[in-house]
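Take a look at the structure set out below.
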Amino acid sequence: MSVRVIIGAQWGDEGKGKIVDMLSDKTEFVVRYQGGANAGHTLKFDGKTFVLHLIPSGIFRKNTTCVIANGVVVDPEALLEEIKSVKELGADPEKSLIISEAAHVILPYHKLLDTVREKSRGSNKIGTTGRGIGPAYMQKTSRMGIRMMDLLDEKVLEEKIISNLEYTNCLLQNMFDEKPVEAGPLFEEVCKYGKILSPYIKDTGAILRDAYDEGRNILLEGAQGVLLDIDHGTYPYVTSSSPTSGGACIGSGLPPSSLEHIMGITKAYCTRVGNGPFPTELENAEGEKIRKSGGEFGATTGRPRRCGWLDLVALRYAVRVNGINELTITKLDVLDMFASIRACTAYKIDGEETRDFPLDPKKMEKIKPVFREFKGWQTSISNCKSFEDLPEEARTYMKFIEEYVQVPLVVVSTGPGREETIRI
Ligand code: GDP
Ligand code: IMO
Ligand code: MG
């Protein structure tokens, strides 16, 4: 039995979906615990590519129950579309997907608020995915949110929609010069979602705690990454939830003592979508080369991802915030054709060298990364089946990372497919 949590150790898109899909063959429960349809997790097997936004990445495994837990914000419209598309691809969500009754609901007015708020920020915009994440978590923490269980009680639902729209329309009209949203048609639409989704809605916290007591294998799938965490990321350029291992317990209802394996996933370099600090960013031909070689375009919005060298200061921070005790490095193959590779080993701020990741934007702005250079391997690693098969230069690079962060490397990913994986 084991409980393992998969954490994005950077700014998201580290390849969590691929790793969760790969590990879920021996897992009875795969659980999404935070975020919403802002996530885009890519799975590649049998020559096909799938992008999941809300449904956990174990959905294509026959004996795995997929759980959308309490901490997730669920857009029913997006979820129903996703249920339809995974069914077309052979999954059986009616049998294998359950949704927490306590998960909050994203409605069209959350997405509208997200978009108009971004527009009003001008050049200070966060660069959100526009999926309504911030407004939904805002209303959740203001204790006015609508939960999945409310979709099952039309009287409660109607009252909540009316009172939420009083507040939301006031914002829309007075702050953003938008038209108000009408309650009637929205209520009708949401009632329809409730009827279709009702068989999926359960007390998933209780189910997971029973599973834990029975010694089942449970995999908690983080969305986004540590540096996008609301409390520990590059605020305000973050998402509105807690992707960290602490957030995994909050969002799933499993106790902190249950977390045995805390796997951090990092790319062999760095990317970021949206705005905000990125100390090792390469705004030049080298960055463009990484983007092209890594296919670095957002899985949810299609936006080009900003690219840069691996930031070990940030990775060490991720290790310490989460208690990461297993390391996975993905997309090593993307660096195959580089003659030289760099990794940031310290920050210089006002002439002082540090290995601590600052949270103050004024300090972030001043960071001058200190790089260490590594010789590239300049050959394809796609056929390597073991760590020893990898070229010496690649092994040196990974050993350095492992030693810098003091966490054992357990998986190296050498391509997007399930089988393009080296387990150490
Ligand atoms: P996630 O959000 O963390 O699940 O990551 P995304 O799916 O948004 O982005 C990762 C991208 O890299 C996807 O297109 C994956 O198919 C791809 N990918 C994952 N691992 C590897 C790898 O080792 N090598 C290469 N070349 N691509 C990979
Ligand atoms: P996965 O799970 C990368 C980024 C957005 C924006 C910020 C806030 O695929 O790794 P939001 O819509 O959440 O309010 O946007 O967070 N962002 C992601 N970046 N991967 C993700 O998810 C992301 N989800 C949100 O680009 O900068
Ligand atoms: Mg992604």
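The values are calculated or read from the model by the stated rules, or taken from the named source; none is laboratory data. All figures in this text were calculated on a predicted structure; none of them were measured in a lab. Using ideal geometry, Cβ is built from the backbone for each residue, glycine included, and neighbour counts are taken over all protein chains shown.
In the range 7-86, counting only strands (runs of 3 or more DSSP E) that sit wholly within it, the ones holding 3 or more residues that are buried (at least 23 other Cβ atoms within 10 Å of the Cβ) span 29-32, 65-68. Scanning the range 32-59 for residues that are within 13 Å of ligand 3 (Cβ to nearest atom) and aliphatic (A, V, I, L, M) yields 37, 39, 43, 51, 52, 54. For residue 422, the conditions (1) crowded, with 19+ Cβ neighbours inside 10 Å; (2) touching a Pro at 6+ places or on another chain (Cβ under 7 Å) are fulfilled apart from (2).
Could you tell me which of the residues 390, 409 is among the hydrophobic types (A, V, I, L, M, F, W, C), over 22 Å from the mean Cα position of the chain (by Cα) and surrounded by 15 or more Cβ atoms within 10 Å (Cβ to Cβ)?
Numbers: 409 fails: over 22 Å from the mean Cα position of the chain (by Cα).
After applying the criteria, what remains is 390.
Filter the range 297-308 for residues that are more than 8 Å from ligand 1 (Cβ to nearest atom) and touching a Gly at 6+ places or on another chain (Cβ under 9 Å) and give the result. Hits for the range 297-308 are 301, 303, 304, 305, 306, 307, 308. Contact map, the range 163-188: first residue within 27 Å of residue 152 (Cβ to Cβ) and modelled with pLDDT of 95 or more, second residue of a type in the set (Gly, Ala, Ser) and surrounded by 11 or more Cβ atoms within 10 Å (Cβ to Cβ), Cβ cut-off under 8 Å, separation 6 or more or different chains; pairs are 165/183. So for the range 37-54 (the condition being among the hydrophobic types (A, V, I, L, M, F, W, C), within 16 Å of ligand 2 (Cβ to nearest atom) and more than 23 Å from residue 226 (Cα to Cα)), does at least one residue qualify? Within the range 37-54, one or more residues are among the hydrophobic types (A, V, I, L, M, F, W, C), within 16 Å of ligand 2 (Cβ to nearest atom) and more than 23 Å from residue 226 (Cα to Cα). The numbered conditions (1) away from ligand 3 (no atom under 16 Å from the Cβ); (2) touching a residue at least 24 places away in the same chain (Cβ under 8 Å) are all true for residue 231 except (2).
Looking at the range 296-307, is at least one residue outside any loop (DSSP other than H, G, I, E, B) and crowded, with 24+ Cβ neighbours inside 10 Å? Quick ask: steps written out before the conclusion?
To start, the set of residues in the range 296-307 that are outside any loop (DSSP other than H, G, I, E, B) comprises 297, 304, 306-307.
The next check asks that each one be crowded, with 24+ Cβ neighbours inside 10 Å; those that pass are 307.
Looking for residues that are outside any loop (DSSP other than H, G, I, E, B) and crowded, with 24+ Cβ neighbours inside 10 Å, one finds at least one in the range 296-307, hence yes.
Sort through 81, 88 and tell me the only one that's under 16 Å from residue 36 (Cα atoms) and either touching a Pro at 6+ places or on another chain (Cβ under 6 Å) or of a type in the set (D, E, K, R) (or both). Can you show your working first?
Numbers: 88 fails: under 16 Å from residue 36 (Cα atoms).
On inspection, the qualifying residue turns out to be 81.
Scanning the range 261-289 for residues that are more than 16 Å from ligand 2 (Cβ to nearest atom) and of a type in the set (Val, Ile, Thr) gives 262, 280.
Answer yes if at least one residue in the range 403-417 is assigned to a strand (DSSP E or B) and charged (D, E, K, R), and no otherwise.
no
Being closer than 23 Å to residue 196 by Cβ, touching a residue at least 60 places away in the same chain (Cβ under 8 Å), away from ligand 1 (no atom under 16 Å from the Cβ) and small (Gly, Ala, Ser) is true for just one of 91, 69. Which residue is that? So that I can check it myself, show each step before the final result.
Details: 91 fails: touching a residue at least 60 places away in the same chain (Cβ under 8 Å).
Answer to the selection: 69.
Taking the criterion of being assigned to a helix (DSSP H, G or I), small (Gly, Ala, Ser) and either free of Cβ contacts under 8 Å to residues at least 12 places away in the same chain or within 16 Å of ligand 3 (Cβ to nearest atom) (or both), the residues of the range 278-295 that qualify are 285, 294.
Determine if the range 338-360 includes at least one residue that is under 19 Å from residue 272 (Cα atoms) and surrounded by fewer than 18 Cβ atoms within 10 Å (Cβ to Cβ). Taking every residue of the range 338-360 in turn, at least one turns out to be under 19 Å from residue 272 (Cα atoms) and surrounded by fewer than 18 Cβ atoms within 10 Å (Cβ to Cβ).
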